[in-house]
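A short write-up of the structure that comes next.
The values are calculated or read from the model by the stated rules, or taken from the named source; none is laboratory data. The model shown is predicted, which means the values in this text are computed figures rather than measured ones. So basically every Cβ, Gly included, is an ideal-geometry build from the backbone, and we count neighbours across all protein chains shown. Areas reflect the complete protein model, heavy atoms only, side chains present, ligands, DNA and RNA absent. Shrake-Rupley method; radii C 1.70, N 1.55, O 1.52, S 1.80 Å.
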Amino acid sequence: MKDLSSAQIRQMFLDFFESKDHLVVPAKSLIPENDPSLLWINSGVATLKKYFDGTVVPPKPRLTNAQKAIRTNDIENVGHTARHHTLFEMMGNFSIGDYFKEEVIPWAWELLTSPDWYGLDKEKLYVTVYPKDKESRAIWEKTDLPAGHIYEVEDNFWDIGEGPSGPDSEIFYDRGPAFADLPADDPEMYPGGENERYLEIWNIVFSQFNHLPGLTDNSTYPELPHKNIDTGMGLERLVSVFQNGRTNFDTDLFLPIIHKTETLADGYHYDQSQDTEANVSFKVIADHIRAISFAIADGAKPSNEGRGYVIRRLLRRAVLHGQKLGIQGNFLSQLVQPVVDTLAVFYPELADKQGEIERTILAEEKRFNKTLKAGLALLDQVIVEAKAAGRTVLAGEDAFKLSDTYGFPVELTEEQAAEAGMTVDLPGFEAALQAQKDRARAARAKGPAMGVQNAVLTDLTVPSTYVGWTTTAVQDAKIVAIVANDAEGLSVLTDHVPAGQVAWLVFDQTPFYAEMGGQVADFGTVKDGSGQVLATVTDVQTGPNGQHIHTVEALADLHVDAVVQLAVDLERHHAVSLNHTATHLLDQALRNIVGGDVHQQGSLVEPEYLRFDFNHEGPLDQKTINAIQDEVNEQIAKNLPITWAELPIEEAKKQDAVAVFDDKYGDTVRIVRIGDYNQEFDGGTHAQTTAELGLFRIVSEGGTGAGIRRIEAMTSLPALTRFEAEQQTLAAVADQLKVANLLAVKDRVSELQQAFKQQQQELTSLQGQLASLKTQEMLQQAEDLNGLKVVIAQVKVAAAEELRQMADAWRAAGSANVLVLAAAIGDRVNLLVAADKTANDAGVKAGAVVKAMAKTVGGGGGGRPDLAQAGGKDQAQIPAALQQAREILAAI
């Protein structure tokens with residue numbers, strides 16, 4: 001067998017299919033673009049969805065790629081099996097309506113067995129086919145695949161519900177008897193069975209049928225208008241074959257990371273010859289640091305939801321496994337270097353963002369170490385409370401809270417509970433976890449999944465030219481295509497559309513801008529030669545073949561070949577153009593003032609306002625916001641000219657223009673220049689000079705997720721209206737403060753704040769004195785419970801702060817061990833429990849006691865073992881809650 005590295009294996013795959021006239025598609029970000037149906041790119045074909053469903057016509061019908069992907073649906077298996085990963089690489093070749101079985105099967109055999117390519121032993125290769133797919137079997141039999149190496153498997157039909165489907169053929173490699181984990185006569189010991197000897201290395205899907213709603217028998221599925229090929233070869237699996245790795249981890253993709261981890265572990269070493277508990281931890285860490293590094297490089301940041309939650313969960317699992325290896329302190333950021341060394345040759349973004357990856361990981365790891373301590377404290381409290389209630393099983397909801405809020409793995413919760421002689425309600429934990437997953441899934445926008453090709457739009461090749469760069473009206477546009485829904489609701493080409501119906505229109509030339517890059521589409525009208533309005537344009541999108549597809553509401557009958565007048569809504573168009581120019585000015589001002597690695601993460605350009613997302617840790621202070629706003633307004637005042645030019649992509653890259661989302665650009669790009677201040681790759685409409693914007697006003701700045709900030713702003717008349725409204729509000733405040741000069745409002749407010757602060761201090765002092773007197777009275781009524789002096793009382797106070805002051809007075813007096821207070825404040829119940837060290841040593845945990853009381857009064861709360869507070873709403877149950885506290889303390 002050839003001695004190949006993972007990099008050589010990956011490159012050889014791409015080179016082979018490039019020799020078969022395939023376009024090599026660069027690996028895309030793990031964060032899906034314009035696809036809310038996916039949390040992560042989870043397969044090699046996911047980034048090509050727009051080509052398969054007909055939304056966009058591919059630059060070439062033959063494509064190949066090596067794509068990073070993330071799946072976390074079975075994260076608990078990572079490290080325990082030979083091939084489970086969160087991040088993996090999938091290599092594939094794809095045909096969009098071009099070649100099919102006759103070509104792809106011989107190519108697969110050539111790549112795998114030819115001495116010029118992989119050169120694998122033919123005797124070790126096996127294939128499976130769908131029993132009804134006689135065509136694929138016959139083609140395999142034409143190769144020199146050894147006799148008896150074809151298996152028919154009923155499961156070899158790719159079908160994920162409505163949409164494209166078809167038979168598939170899987171290729172297996174026989175790793176030999178040494179890898180057999182089942183007896184030779186076991187029914188699963190065959191290529192395609194659940195065993196370790198026969199390793200699946202490639203799957204070829206023949207996507208030829210359309211699974212329509214209501215159909216359950218795949219023999220009745222109609223054929224797709226264009227048959228496709230979709231293949232997937234797992235790089236990690238194939239590398240384990242060439243490098244004779246017992247598992248995927250025993251290869252050059254993981255071992256450098258594992259060996260670095262060994263240098264940090266306290267006496268633990270990775271053993272490639274057998275499975276050990278330490279091995280599991282080494283594998284989990286190596287797997288997770290790869291996924292974390294790639295995700296951060298692609299712009300995701302740790303958080304409590306969505307992709308950020310996945311990163312946070314992976315990082316915390318890795319930290320826990322580091323502790324199992326005796327690693328103390330923060331260590332994960334040190335493992336980024338071997339990830340970069342291993343993969344940056346093909347994925348340069350890892351090296352480009354290495355510093356950011358390491359900083360993000362280190363900050364998150366430090367945060368978790370603090371959270372971990374808090375989680376342990378809460379777990380201790382939960383155990384005490386359960387024991388006090390006579391339970392031997394920790395509630396699943398409590399275990400989930402520890403996991404969800406504190407990042408506390410349920411496995412660790414089980415271990416700690418076992419030490420206390422308790423178990424964990426795992427079904428209850430799983431139920432709470434599933435409920436959270438369901439909520440998260442429901443919260444994500446339900447965008448289109450891998451759909452069936454819209455043959456109408458895909459096959460629509462009539463030429464259409466956008467002329468909106470130079471005009472907003474066309475007097476002699478011809479309707480070259482009309483797409484409308486037929487009686488069954490299916491899109492069809494038609495030669496006319498009647499009044500009152502909504503349809504898609506394509507013109508031979510159009511001034512209407514199609515929605516793109518965050519800028520909304522133009523609206524407007526379609527008129528006849530006399531000026532009568534025939535239709536209103538309510539949306540414009542780019543079709544698969546690049547034409548602008550106009551959504552219109554027909555007010556009169558429209559016919560193909562009719563010559564019409566097109567007019568863009570100038571007021572809307574101008575307002576959008578001004579706001580688009582403002583996003584460029586804002587982008588540049590952020591780079592100049594905030595600096596660092598600030599770059600655009602998204603935008604929305606509407607007529608009334610603009611929205612701009614950018615990466616930055618933490619909020620911008622008001623001084624910075626003012627500086628950004630001032631700089632943009634300064635450029636507006638300079639009346640800078642705005643020009644544009646179309647250049648070949650390679651020449652444009654030499655212009656040092658700002659480029660965002662590189663994969664959106666074609667061979668020719670448009671560069672927009674704003675004087676000498678800014679130049680960017682751009683496909684939108686703009687003002688002619690900056691002075692047209694008149695005024696720029698930042699309305700808000702806030703966060704949308706970990707590491708992502710959002711600025712909303714206005715220009716022109718909306719900005720002026722906003723400014724005037726703010727001025728009028730300030731004038732009203734000045735009037736109430738009896739201040740004649742608006743500039744004096746700030747000083748007057750400061751004076752009032754200082755006076756209020758003084759009065760608060762005086763009030764607090766008086767309340768403290770009163771609390772001390774009340775506490776002295778209560779201490780005289782302390783009762784003895786299990787050798788502890790305990791004060792249990794309902795008190796009258798005006799605010800919860802007075803309860804804390806009484807606790808301070810109790811602690812200062814030092815004459816009682818436990819203080820339990822309840823008060824009715826307004827329509828609420830406030831509870832406080834405090835315990836000294838003697839009580840804590842005796843097993844009293846204030847948090848556990850107050851939490852039990854809170855449930856009685858219909859509320860919740862908690863806190864530390866020495867001081868805890870809670871609230872509720874049922875004031876009638878205060879006596880019962882106090883009695884419950886007395887019983888808990890008596891039982892300890």
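Tell me, in nm to one decimal, what length is gained between LEU720 and MET1 on full extension, where the rule is 0.36 nm per residue of separation less the Cα-Cα distance? Display every interim value, and only then the final one.
Numbers: separation 719, 0.36 × 719 = 258.84 nm, distance 7.35 nm.
Contour length minus the Cα-Cα distance gives 251.5 nm.
For TYR99, what charge total do you get from the other residues with a beta carbon under 11 Å from its beta carbon, if Lys and Arg give +1 and Asp and Glu give -1?
Details: positive: LYS20, ARG62, LYS101, LYS227; negative: ASP21, ASP98, GLU102, GLU103.
Net charge in that neighbourhood comes out at 0.
For HIS559, tell me the accessible area in Å² from a 1.4 Å probe, rounded to the nearest 10.
HIS559 has an accessible surface of roughly 90 Å² with all protein chains in place.
Mind checking the dipole of segment 1-71: about its Cα centre, +1 per Lys or Arg Cβ, -1 per Asp or Glu Cβ, Debye to the nearest 20?
On the way: 10 positive and 7 negative charges, 16 e Å.
Here segment 1-71 has a charge dipole of around 80 debye.
Could you run the Karplus curve 6.51 cos²θ - 1.76 cosθ + 1.60 with θ = phi - 60° over segment 178-190 and give me ³J(HN,Hα) per residue in whole Hz, x for Gly and Pro?
Couplings: 4, 9, 5, 10, 9, x, 4, 8, 5, x, 8, 8, 7 Hz.
Spin-label point model (7 Å from Cα, Cβ direction): what's the ALA184 to LYS837 distance in nm?
Taking the two extended label points, one gets 7.3 nm.
Evaluate the distance, in nm, between pseudo-label points positioned 7 Å from the Cα of ALA798 and of LEU493 along their respective Cα→Cβ axes.
Rounded to a tenth, the inter-label distance reads 8.2 nm.
Can you work out the FRET efficiency for the pair ALA374 and GLU397, with r the C-beta to C-beta distance and R0 = 22 Å, to the nearest 0.05? Please list the in-between numbers first.
Values: r = 18 Å, r/R0 = 0.82.
Result of the calculation: an efficiency of 0.75.
GLU262 to LEU362: FRET efficiency via 1/(1 + (r/R0)^6), r the Cβ-Cβ distance, R0 25 Å, to the nearest 0.05? Intermediate values should be presented prior to the final figure.
Working: r = 21 Å, r/R0 = 0.83.
Once rounded, the FRET efficiency stands at 0.75.
What FRET efficiency, computed as 1/(1 + (r/R0)^6) with R0 = 30 Å and r the Cβ-Cβ distance, is obtained for LYS638 and VAL594, rounded to the nearest 0.05?
On the way: r = 21 Å, r/R0 = 0.71.
Using R0 = 30 Å, I get an efficiency of 0.90.
What is the local net charge at HIS211, summed over the other residues whose Cβ is closer than 9 Å to its Cβ (Lys, Arg +1; Asp, Glu -1)?
On the way: positive: none; negative: ASP159, GLU162.
Result for the neighbourhood of HIS211: -2.
Got a sec? What order do LYS49, LYS142, LYS757 fall in by accessible area at 1.4 Å, biggest, i.e. largest, first? Walk me through the numbers before you get to the answer.
Working: LYS49 25, LYS142 155, LYS757 115 Å².
Largest to smallest exposure gives the sequence LYS142, LYS757, LYS49.
With a 1.4 Å probe and all protein chains kept in place, how much accessible area does LEU770 have, in Å² rounded to the nearest 10?
Roll a 1.4 Å probe over it and LEU770 shows about 80 Å².
Using Cα pairs under 8 angstrom and six or more residues apart, how large is the relative contact order of segment 256-318, in percent?
Relative contact order comes out at 25 percent.
With a ≥ b ≥ c the root eigenvalues of the C-alpha gyration tensor of segment 800-876, is it rounded (a/c under 1.5), prolate (a/b larger than b/c) or oblate?
Numbers: a/c = 2.69, a/b = 1.48, b/c = 1.82.
Since a/c reaches 1.5 but b/c is at least a/b, the shape of segment 800-876 is classed as oblate.
For every helix of n ≥ 4 consecutive DSSP H residues, a contribution of -39,500 (n - 2.57) applies; sum these over the chain, divide by its total residues, and give [θ] at 222 nm rounded to the nearest 500 deg cm²/dmol.
Working: 24 runs with 333 residues, N = 892.
For the chain, the value works out to -12000 deg cm²/dmol.
Whole Å is fine, so just give me how far the alpha carbon centre of segment 510-558 lies from that of segment 31-105.
34 Å
So what's the gap between the Cα centers of segment 759-818 and segment 667-719, to the nearest angstrom?
59 Å
Determine ³J(HN,Hα), in whole Hz, for all residues of segment 192-201 in sequence, where each value follows from phi through the Karplus function 6.51 cos²θ - 1.76 cosθ + 1.60 and θ = phi - 60°; x replaces Gly and Pro.
Per residue, the Karplus-derived 3J(HN,Hα) values read x, x, 7, 8, 8, 6, 9, 9, 5, 10 Hz.
Report the paramagnetic label zone for GLN337: residues of segment 256-273 whose backbone N is under 15 Å from a point 7 Å from Cα along the Cα-to-Cβ axis.
256-265
Excluding ligands and nucleic acids, what accessible area in Å² is computed for TYR513 using a 1.4 Å probe, to the nearest 10?
Answer for TYR513: close to 10 Å² accessible.
For HIS259, HIS580, give me the order by solvent-accessible area with a 1.4 Å probe, most accessible first, ignoring ligands, DNA and RNA. Please list the in-between numbers first.
Details: HIS259 85, HIS580 15 Å².
Highest to lowest solvent-accessible surface, that is HIS259, HIS580.
Hydropathy at least -1.0 by Kyte-Doolittle, axial extent at least 27 angstrom from the Cα trace: which helices of the chain, defined as entire DSSP H runs, fit? Walk me through the numbers on the way to the answer.
Values: long enough: 277-297 (30 Å, 0.82); 306-324 (28 Å, -0.50); 354-388 (50 Å, -0.16); 570-593 (34 Å, -0.35); 716-736 (31 Å, -0.09); 745-779 (50 Å, -0.75).
For the chain, where a helix must reach 27 Å along its axis and average at least -1.0, the hits are 277-297, 306-324, 354-388, 570-593, 716-736, 745-779.
What number comes out for the charge environment of ALA835, summing +1 per Lys or Arg and -1 per Asp or Glu over other residues with Cβ under 11 Å away?
Values: positive: ARG811, LYS837, LYS845, ARG864; negative: ASP836, ASP841, ASP866.
That sum, taken over residues with Cβ under 11 Å, equals +1.
I want the antiparallel fraction of DSSP beta bridges within the chain, as a percent rounded to 5. It would help to have the intermediate numbers written out before the result.
Details: 122 of 138 bridges.
If we restrict to bridges inside the chain, about 90 percent are antiparallel.
Return the subset of LYS757/LYS796; LYS845/LYS873; LYS20/LYS132; LYS370/LYS837; LYS260/LYS401 for which the Cα-Cα distance in this structure is over 31 Å, preserving the input order.
Values: LYS757/LYS796 25 Å; LYS845/LYS873 23 Å; LYS20/LYS132 29 Å; LYS370/LYS837 23 Å; LYS260/LYS401 34 Å.
Beyond 31 Å between Cα atoms: LYS260/LYS401.
Let's see if you can work this out: charge +1 on each Lys and Arg Cβ, -1 on each Asp and Glu Cβ, no other charges. What is the dipole magnitude of segment 779-833 about its Cα centre, in debye to the nearest 20?
Values: 5 positive and 6 negative charges, 8 e Å.
For segment 779-833, the charge dipole is close to 40 debye.
Tell me, what is the percent relative contact order of segment 703-852, built from C-alpha pairs under 8 Å that lie six or more residues apart? Before the final figure, lay out the partial values.
Values: 136 pairs, mean separation 20.5, N = 150.
Result for segment 703-852 is 14 percent.
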